[in-house]
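The values are calculated or read from the model by the stated rules, or taken from the named source; none is laboratory data. Because the structure is predicted, anything quoted here is derived from the model rather than measured. Methodologically, a virtual Cβ is constructed for each residue, glycine included, from the backbone with ideal geometry; neighbour enumeration extends over all protein chains shown. The area values use the complete protein model at the heavy-atom level, side chains included, leaving out ligands, DNA and RNA. Shrake-Rupley method; radii C 1.70, N 1.55, O 1.52, S 1.80 Å.
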Amino acid sequence: MRITWPIRGHARAKADIERLNQLWDEDKFEEVEAEARELEARAASPRGDSRRVFVGQYARFMATSAACALGRGAHVLHEMEALAAELHDTAAPERLLLDAVRANRLVVLNAEQRYGETEAEAAALLGELTRVKHLMQVMTIELFVLANLADALCGQGRHTEAETIVRGNLPRAQRRALASLHCGLVESLNGQGRHDEALTEARRFAPPRVRAQSGRLTMATAVALRGLGRRSEAEAAARQAVADCERHLDPEHPRLRQARTLLTEIEGAAH
């Protein structure tokens, strides 16, 4: 994820950060990661230049965010935790950066199926956001955390709770949050065996194009179709999910492996 954060530093640094944000909005995560690393290296400064320190921290946040979006969050988990430790005693607006780093960590925990840890950290983070929301705009982070919490609940088989969270927050979500929560709704319905409803929701509207969610809704559609006994349609949807993941995600992204596993299961059921 990225956040709206006050740009500090010299003119070149501000321009570099604005470019990172633009690339992020265009889903060009590989470029974000590469350019953020370059900015981080340039921002290395003698002790005491706080503006360059902040720029370096924001660059590191953007680089690790891009890695998470590409499905390589596990590779930068220790780096995220180190950055969170650096930011631990900061106040607003740097505190917002800390909360965003902690939110990204939820993505990694879910990918590693550490759902209980995700739930506990999400609850703590939501409490923190509630305490500071009168000081700064936190809705982007809050919705990101809620979407990951819903995913963690689904991972623990608590699909009804996940559905409640998703339905309660969909009306205020936009673009990235909307796409994530919409997928979470379909998955929570599938988890309850409500495949007709899941298929209806999956096809009710086309969420905005969000690269990080590639293949996810199509996978959920395939699960719903399989649950309804519509095997050939489920297989076609699963194949499309694999193709979407291969086209838009990093080869290491966990969703690509999940999509291939789903396709294999559906194909195997036909024999």
Decide, for the range 149-238, between rounded, prolate and oblate: order the square roots of the alpha carbon gyration tensor eigenvalues as a ≥ b ≥ c, take rounded if a/c falls under 1.5, and otherwise choose prolate if a/b is larger than b/c, else oblate. oblate
So, for the range 152-247, what is the accessible surface per residue at a probe of 1.4 Å, expressed in square angstrom? 44 Å²
Per the rule of 0.36 nm per residue minus the C-alpha distance, extending MET139 to ARG175 adds in nm 11.7 nm
Computed magnitude of the charge dipole of the chain (debye, nearest 20; Cβ of K, R +1, Cβ of D, E -1): 540 debye
Run through the range 110-203 and list the trypsin sites (Lys or Arg not before Pro) located in a DSSP loop whose Cβ has at most 13 other Cβ atoms within 10 Å. LYS133
Calculated from DSSP H runs of 4 or more alone, at -39500 (n - 2.57) each and per residue, what is the 222 nm mean residue ellipticity of the chain, nearest 500? -24000 deg cm²/dmol
Within the accessible area of the chain, what % is carbon and sulfur when the probe is 1.4 Å and the other protein chains stay in place? 51 percent
I need the shape label for the range 47-139. Rule: rounded when a/c is under 1.5, else prolate if a/b > b/c, else oblate, with a, b, c from the alpha carbon gyration tensor. oblate
For Cα pairs less than 8 Å apart in space and 6+ apart in sequence, what is the mean separation divided by the residue count of the chain, i.e. the relative contact order in percent? 13 percent
Using a simple charge model, +1 on the beta-carbon of Lys and Arg, -1 on the beta-carbon of Asp and Glu, nothing else, what dipole does the range 56-134 show about its Cα centre, in debye to the nearest 20? 200 debye
